[in-house]
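Structure record follows, encoded as structure tokens.
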Amino acid sequence: MTKSVFDNSYAKLPAKFYSECNPTSVASPKLISFNQALADYLGLDELLLEKQADVFAGNTLLYGAKPIAMAYAGHQFGHFSHQLGDGRATLLGEVIGNDKVRYYIQLKGSGRTPFSRGGDGRSALGPVIREYLLSEAMHQLGIATTRALAAVTTGEEVARDQLVEGGILTRVAKGFVRVGTFEYFSARHDFTSIKQLADYEIKHHYPKAMQKANPYIALFSAIVDRQAALIASWMNIGFIHGVMNTDNMSIVGETIDYGPCAFMDAFHYQQVFSSIDGQARYAYHNQPHIGQWNLTRLAEALLPLFSDNTGDEEKDTKAAVTIAENILNHYADCYKSYWLAGMRRKLGLLDEHPQDQALAQELLNLMHENQADFTLVFFYLSQEDKQNALKALFAQPENLTGWLDKWQQRCALEHCSVDERKAVMRRTNPVYIPRNHQVEAAIRAAEDHQDFSVFHALHQVLQTPYTLQADKKQYQLPPKPEEVVQQTFCGT
Ligand code: AMP
Ligand code: MG
């Protein structure tokens with residue numbers, strides 16, 4: 001192979017931003033899944049025709065790859081770790097997609113790096129399957145996310161609670177810089193690097209900020225806006241990230257680092273699935289607030305760039321803090337307007353009326369009190385012939401009647417046709433989500449029986465989550481009591 005597909009930019013930053021580090025070869029890689037459509041989009045199709053498993057295991061490097069592990073720090077469950085970094089991931093390089101956007105291609109589970117600390121640098125197969133399924137489902141649901149290009153088994157075992165099969169995920173992102181990357185340099189009082197990193201993000205991901213009087217303030221504002229939009233989209237679909245540490249918050253505003261994440265079945269504001277989130281810090285309902293907390297950590301790192309440098313340090317700092325606070329205060333309104341816009345679409349409301357927020361909130365409160373299935377409530381709402389099925393989702397169906405009356409009255413105020421409104425609801429309320437028990441079944445079949453058919457079948461259904469598919473009823477249904485998954489594990 002003589003022509004490089006890569007157009008690397010992060011590896012051109014100063015050496016302290018990363019560590020050059022090749023993936024460690026594995027014994028006998030086997031391809032589980034390859035995302036042909038994504039490969040085509042990235043212009044990688046021809047290059048990957050051969051030796052796919054070797055390439056996606058890191059045994060063979062594509063020409064032009066420059067493998068690096070990125071440095072970062074992060075607040076984990078509120079506590080600062082000044083040294084994290086890619087402990088089990090290798091950035092192979094960057095490509096420019098058909099849309100002219102820069103995409104970063106990374107192997108996860110590819111062996112030890114200088115940032116591995118005590119870890120083995122590997123991934124178990126289970127988390128690879130979970131991330132593949134969830135990230136691709138999120139993409140098809142229309143939520144900003146890293147994507148899955150390929151998954152392989154390694155032919156080697158990794159030690160977790162017991163010995164389990166190893167796996168490697170190839171993931172693709174619009175950027176891998178995290179809030180924790182800025183914190184890494186901030187903790188070292190390395191303001192030159194903070195500026196270099198901010199300049200990098202502006203150049204590659206937020207070019208409009210360059211036109212503003214202070215591009216760094218504009219950068220921060222834009223990051224805040226994208227996070228508000230992202231977290232609102234999670235809340236609108238019933239997604240719980242599970243580990244919203246600052247090292248897992250992407251600067252480009254994509255969902256990243258799928259660990260013990262999950263979609264909710266029965267709706268509960270305080271729902272937590274993650275086995276490591278004992279304090280419910282990252283519960284469903286806390287996610288918007290944690291978003292702001294994380295962005296506050298980012299503001300602290302960027303603060304020196306907000307100042308006018310008049311020479312009066314005290315005055316400059318005060319002014320910079322005021323700027324950061326104003327933007328952070330705006331986050332709440334920004335989040336709420338994205339959330340409300342999403343709820344309106346879910347309820348088929350294309351006009352805006354002052355009572356909409358209360359109407360949406362009242363439905364969620366009823367769902368919470370009645371443990372109604374999040375996805376089915378909204379799907380049935382969008383189907384005229386499913387009104388009895390809708391009521392049956394509520395422990396006390398009569399509680400819904402009053403709300404339905406209010407919703408109908410509100411719908412009557414709409415200017416658009418019923419058909420238009422129903423079409424919006426069908427595009428917004430999925431039929432299929434990666435339900436926990438289905439994901440778990442796919443993992444169990446793969447780990448326990450080397451059977452990937454359950455994974456492939458689920459993945460196939462999730463390719464078109466808004467379209468009702470023949471003979472796929474079982475993927476719509478909530479778990480039976482014996483199938484309920486109470487906890488999810490990050491498996492690191
Ligand atoms: P995560 O929980 O996946 O977001 O990871 C948090 C930090 O731990 C990151 O710095 C990871 O690179 C690191 N880490 C997670 N699992 C491993 C592992 N098996 N080996 C080495 N480092 C790891
Ligand atoms: Mg992480």
*asked:* I'd like the trypsin sites (Lys or Arg not before Pro) in the range 402-492 restricted to DSSP loop residues with at most 16 other Cβ atoms within 10 Å, sorted by number.
replied: Lys472
*Measuring from centroid to centroid over Cα atoms, what is the spacing of the range 151-212 and the range 265-280 in Å?*
26
*Cα-centred dipole magnitude for the chain, charges only on beta-carbon of K, R (+1) and D, E (-1), debye, nearest 20*: 520
_the range 152-157 - phi-based ³J(HN,Hα) in whole Hz, Karplus 6.51/-1.76/1.60, Gly and Pro as x_ = 10, 9, 9, x, 10, 9
*How big is the range 10-176 by the Kirkwood estimate over distinct Cα pairs, in Å?*
16.2
*Got a sec? What order do Trp407, Trp293 fall in by accessible area at 1.4 Å, biggest, i.e. largest, first?*
Trp293, Trp407
*asked:* Checking the cross-link filter: which aspartates and glutamates have an alpha carbon closer than 15 Å to that of Lys336, excluding same-chain neighbours under 8 positions apart?
replied: Asp225, Glu352, Asp356
_Going by Cα centres, the range 418-453 and the range 74-150 are how many Å apart?_
22
*³J(HN,Hα) across the range 482-490 via Karplus (A = 6.51, B = -1.76, C = 1.60, θ = phi - 60°), whole Hz, x for Gly/Pro?*
6, 9, 4, 9, 7, 9, 10, 10, 7
_Please state the shape class of the chain: rounded when a/c is under 1.5, otherwise prolate if a/b exceeds b/c and oblate if not, all from the C-alpha gyration tensor._
oblate
*Per-residue ellipticity at 222 nm for the chain, helices alone: DSSP H runs ≥ 4 residues times -39500 (n - 2.57), over residue total, nearest 500 deg cm²/dmol?*
-13500 deg cm²/dmol
*Lys, Arg +1 and Asp, Glu -1 on Cβ, resulting dipole of the range 10-176 about Cα centre, debye, nearest 20*: 540
*List the trypsin sites (Lys or Arg not before Pro) within the range 166-266 that fall in a DSSP loop (any state other than H, G, I, E or B) and whose Cβ has at most 16 other Cβ atoms within 10 Å.*
Arg188, Lys212
_In the range 10-176, if the dipole is taken from +1 on Lys/Arg beta carbons and -1 on Asp/Glu beta carbons about the Cα centre, which of Phe176, Phe34, Gly58 is farthest to the positive end?_
Phe176
*Using the Karplus curve 6.51 cos²θ - 1.76 cosθ + 1.60 with θ = phi - 60°, work out ³J(HN,Hα) for each residue of the range 366-381 in order, rounded to whole Hz, and write x for Gly and Pro.*
5, 4, 5, 5, 9, 6, 6, 5, 4, 5, 5, 4, 6, 5, 5, 4
*Please give the net charge around Ala57, taking every other residue with its beta carbon less than 12 angstrom from that of Ala57, where Lys and Arg add +1 and Asp and Glu add -1.*
+2
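The values are calculated or read from the model by the stated rules, or taken from the named source; none is laboratory data. Predicted model, so just to flag it, every value in this text is computed and none were measured. Every residue, glycine as well, gets a Cβ built from its backbone with ideal geometry; the counts of neighbours run over all protein chains shown. These accessible areas exclude ligands, DNA and RNA; they are computed on the full protein's heavy atoms, side chains included. Shrake-Rupley method; radii C 1.70, N 1.55, O 1.52, S 1.80 Å.
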